[in-house]
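Asks: Structure below; questions to follow.
The values are calculated or read from the model by the stated rules, or taken from the named source; none is laboratory data. A quick note: this is a predicted structure, and the numbers were derived from the prediction, not measured. Neighbour counts are summed over all protein chains in view; Cβ atoms, including those assigned to glycine, are modelled from backbone coordinates with ideal geometry.
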Amino acid sequence: MIRKPLGKSGLTLPPIMFGANVFGWSLDEAAGFKILDALVGSGLDAIDTADVYTRFLPGHVGGESETIIGAWLKGRGNRDKVIIATKCGMDMGDGKTGLSKAWITAAVEDSLKRLQTDYIDLYQAHRDDAETPLEETLEAFAGLIAAGKVRAIGASNFSAARLSEALEVSKRHGLPRYESLQPEYNLVARAGFESELEPLCLAEDIGVINYYSLAAGFLTGKYKSESDLASHQARGGSVKRYLNPKGLAVVDALREQAARLNATPAQVALAWLIARPSITAPIASATSLTQLEDLVKAAALQLDGQVIAALDDASA
């Protein structure tokens with residue numbers, strides 16, 4: 001399985017990174033263990049989570065996803081066999097939010113405890129914090145790297161202007177730089193990344209691990225009309241924005257190309273991302289072994305120029 005370097009971090013990633021926001025939400029601990037065992041057995045050994053997962057659910061406080069991963073790591077004794085990425089900065093309640101030095105220093109300890117590990121491979125700022133100076137945030141991350149608690153840092157949901165500014169601050173003050181970016185990017189949401197962020201990441205050798213790779217499941221082809229949203233209430237709100245003539249045209253193109261390749265629309269949508277030079281590893285989730293099989297097959301699917309051109313035209 002071909003691996004790509006994540007910026008200049010020294011980390012390399014498989015073609016797809018597993019999105020663990022489903023743990024503690026769609027999957028309980030037992031089901032999560034089953035998926036993780038199969039995932040690592042397939043060679044897809046990179047897992048992305050966040051401290052805030054799954055605080056968005058009633059009765060949850062955050063940390064549920066990290067806790068399941070931590071229990072699995074301890075039970076399997078395979079910490080050195082996987083790449084763990086997590087994030088901080090979203091609102092955890094009681095004023096625990098943002099990217100101040102004080103909160104980053106506390107948040108990382110909470111994540112390490114839940115993950116039952118002494119280091120995080122990729123620690124990411126979950127979103128920009130305009131109220132905290134970039135130098136303070138990067139100094140906090142530098143301390144974690146120096147202490148061996150974090151191997152590399154990344155940014156999520158940053159604008160091109162703020163990512164560029166952060167890179168300049170790192171260079172000017174001799175601080176670690178963001179080695180990765182986690183933006184929303186898929187076949188029906190291209191402009192936000194491609195207009196400014198993609199050129200910046202290519203020019204600065206920033207790894208890209210994009211989320212919503214399958215547009216919250218829309219690109220699997222299972223949503224054909226608004227009536228389909230009712231049976232998928234958990235994702236319906238996210239999918240609705242893609243359910244328009246352009247989105248449906250993209251899905252039609254995916255179905256056509258998938259039929260040619262004896263693949264599924266999900267496999268082709270992920271393979272299109274993998275083929276893009278700017279992308280290190282798209283993030284995708286699975287809640288069943290059947291869905292996981294889509295990720296594994298997508299990682300090995302090679303698209304020719306004709307297929308890529310057809311998808312580019314449909315999604316432009």
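Asks: Out of all the residues in the range 1-21, which are among the β-branched types (Val, Ile, Thr) and either surrounded by fewer than 22 Cβ atoms within 10 Å (Cβ to Cβ) or over 17 Å from the mean Cα position of the chain (by Cα) (or both)?
Replies: Residues satisfying the conditions are 2, 12.
Asks: Something else about it: Among the candidates 69, 35, 84, single out the residue that is without any contact (Cβ under 8 Å) to a residue 40 or more places away in the chain, outside any loop (DSSP other than H, G, I, E, B), under 18 Å from the mean Cα position of the chain (by Cα) and buried (at least 21 other Cβ atoms within 10 Å of the Cβ).
Replies: 84
Asks: Further, regarding this structure: Restricting attention to the range 87-106, report how many residues are assigned to a helix (DSSP H, G or I) and closer than 20 Å to residue 53 by Cα.
Replies: Looking only at that region, the number is 4.
Asks: Check whether at least one residue in the range 278-290 is in a helix (DSSP H, G or I), at pLDDT 95 or above and out of contact with any Gly (no Cβ under 7 Å at 6 or more places or on another chain), and report yes or no.
Replies: Yes, the range 278-290 has at least one match.
Asks: If the requirement is being under 24 Å from residue 14 (Cβ atoms) and of a type in the set (A, V, I, L, M, F, W, C), which of these qualifies: 167, 197?
Replies: Step by step, each of 167, 197 is checked, and only 197 is under 24 Å from residue 14 (Cβ atoms) and of a type in the set (A, V, I, L, M, F, W, C).
Asks: Further question: Based on what the data block shows, is residue 113 in a helix (DSSP H, G or I), at pLDDT 95 or above and under 30 Å from residue 74 (Cα atoms)?
Replies: Judged against the criteria, residue 113 is a match.
Asks: From the list 273, 261, 311, 301, which residue is buried (at least 19 other Cβ atoms within 10 Å of the Cβ), more than 23 Å from residue 195 (Cα to Cα) and not polar (S, T, N, Q)?
Replies: It is 301.
Asks: Could you give every pair whose Cβ atoms fall below 9 Å, whose first residue belongs to the range 1-17 and is free of Cβ contacts under 8 Å to residues at least 24 places away in the same chain, and whose second residue is of a type in the set (D, E, K, R) and surrounded by 14 or more Cβ atoms within 10 Å (Cβ to Cβ), counting only separations of at least 6 or pairs across chains?
Replies: Matching pairs, first to second residue: 12/3; 12/4.
Asks: May I ask you to list the residues in the range 8-24 that are touching a Phe, Trp or Tyr at 6+ places or on another chain (Cβ under 8 Å) and farther than 17 Å from residue 211 by Cα?
Replies: Selection gives 24 alone.
Asks: Please pick out the residue among 166, 142 that is more than 30 Å from residue 291 (Cβ to Cβ) and touching a strand residue (DSSP E or B) at 6+ places or on another chain (Cβ under 8 Å).
Replies: 166
Asks: For the range 3-32, which residues satisfy the criterion of being closer than 21 Å to residue 274 by Cα and in a loop (DSSP other than H, G, I, E, B)?
Replies: The answer is 3, 6, 7, 8, 9, 10, 11, 14, 15, 16.
Asks: Filtering the range 241-258 down to residues that are exposed (fewer than 15 other Cβ atoms within 10 Å of the Cβ) and not hydrophobic (A, V, I, L, M, F, W, C), which residue is nearest to the chain's Cα centre (by Cα)?
Replies: Here the residue is 241.
Asks: Please work out if residue 186 is surrounded by fewer than 22 Cβ atoms within 10 Å (Cβ to Cβ), within 19 Å of the chain's Cα centre (by Cα), at pLDDT 95 or above and under 25 Å from residue 49 (Cα atoms).
Replies: So residue 186 fails the test.
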